[in-house]
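**Q** Mind looking over this structure? Questions follow.
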Amino acid sequence: MSTTPAPDFSLSATGGNTVTLSALRGRKLVIYFYPKDNTPGCTNETRDFGSLHAAFSAAGCTVFGVSRDNLKSHENFKTKLELPFELISDPEETACAAFGVMKLKNMYGKQVRGIERSTFLIDAEGKIAREWRGVKVPGHAEEVLAAAQAL
């Protein structure tokens, strides 16, 4: 079990919400960082977390997705996928930098800076209980759910 406190941030989210990590102490959180709304891998990952939402809720766990997309893009993505949870907009890379998810990636032979698909499970005391980096989408949401249920 990690004793590393999750870095705090306060950012705008869908539904007119502001998410402040420290204000959510007392409940378990899943924060998953993904590269871009409406791309195949991100759509599948987000749909997987959405389909398991009731089980995450039953485990006392709140889920948030984070990318650098703006709120308008997030609202459209959330509506399209009928998501039961909020998406956090991080255009200034505040949370991305705090959690260290920005990486240089190769895309079509060019080096581009982007979000490395990563997920963090945060316990009720605000500590990072588990982290996944360089995530492969198939089966990932189920693995995170099992970890949340065991917490």
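The values are calculated or read from the model by the stated rules, or taken from the named source; none is laboratory data. What you see is a predicted model, and the numbers here were worked out from it, not measured in a lab. In this analysis, Cβ positions are derived from the backbone assuming ideal geometry, glycine residues included, and neighbour counts consider all displayed protein chains. Keep in mind that these areas ignore ligands, DNA and RNA; they rest on the heavy atoms of the full protein, side chains included. Shrake-Rupley method; radii C 1.70, N 1.55, O 1.52, S 1.80 Å.
**Q** Under a point-charge model restricted to the Cβ atoms of Lys and Arg (+1) and Asp and Glu (-1), what is the dipole moment magnitude of the chain relative to its Cα centre, in debye to the nearest 20?
**A** 340
**Q** Count neighbours as other Cβ atoms within 10 Å of each site's Cβ, and list the chymotrypsin sites (Phe, Trp or Tyr not before Pro) in segment 77-126 that are DSSP loop with at most 12 such neighbours.
**A** Here the chymotrypsin sites (Phe, Trp or Tyr not before Pro) that fit, given the DSSP loop and packing criteria, are Tyr108.
**Q** Right, here's the next one. Would you please state which residues of segment 1-39 a label at Glu92 would reach in this model, taking the label point 7 Å out along Cα→Cβ and a backbone N cut-off of under 13 Å?
**A** Label zone hits: 9-12.
**Q** Accessible area per residue, 1.4 Å probe, Å², for segment 1-69: what's the number?
**A** 43
**Q** Can you compute the modelled spin-label distance between Lys36 and Val112, with each label point 7 Å from Cα toward Cβ, in nm?
**A** Result for the modelled spin labels: 0.4 nm.
**Q** Now a separate question. Whole number please: convex hull volume per residue, Cα atoms of segment 7-47, in Å³.
**A** Looking at segment 7-47, the number lands at 103 Å³ per residue.
**Q** Further, regarding this structure: Would you list which lysines come within 22 Å of Lys72, measuring only between C-alpha atoms, while excluding same-chain residues fewer than 8 positions from it?
**A** Lys36, Lys80
**Q** Another question, then. Stick to Cα atoms and the Kirkwood definition of Rh, then tell me Rg/Rh for segment 1-78.
**A** Ratio value, two decimals: 0.96.
**Q** If you don't mind, there's one more thing I want to ask. Using the Kirkwood formula over every pair of different C-alpha atoms, what hydrodynamic radius in Å results for segment 73-151?
**A** In segment 73-151 this quantity evaluates to 14.7 Å.
**Q** Tell me the carbon and sulfur percent of the accessible area for segment 21-107, rounded to whole percent, probe radius 1.4 Å.
**A** Here it works out to 52 percent.
**Q** In Å², what does the accessible area per residue of segment 94-135 work out to with a 1.4 Å probe?
**A** About 52 Å² of surface per residue is accessible.
**Q** Could you give each residue of segment 79-95 its phi-based ³J(HN,Hα) in whole Hz, using Karplus coefficients 6.51, -1.76, 1.60 with θ = phi - 60°, and x for Gly or Pro?
**A** Once rounded to whole Hz, the list reads 5, 4, 8, 6, 6, x, 9, 8, 10, 9, 8, 10, x, 8, 6, 5, 5.
**Q** Here's another thing I want to ask about it. In debye, nearest 20: dipole of segment 52-107 around its Cα centre with unit charges on the Cβ of K, R (+) and D, E (-)?
**A** 200
**Q** Pull up the cross-link candidates among the aspartates and glutamates for Lys127, meaning alpha carbon to alpha carbon under 14 Å and not fewer than 8 places away within one chain.
**A** Those aspartates and glutamates meeting the cut-off are Asp8.
**Q** Between Rg and the Kirkwood Rh of the chain, both from Cα atoms, what is the Rg to Rh ratio?
**A** For the chain, the value is 0.93.
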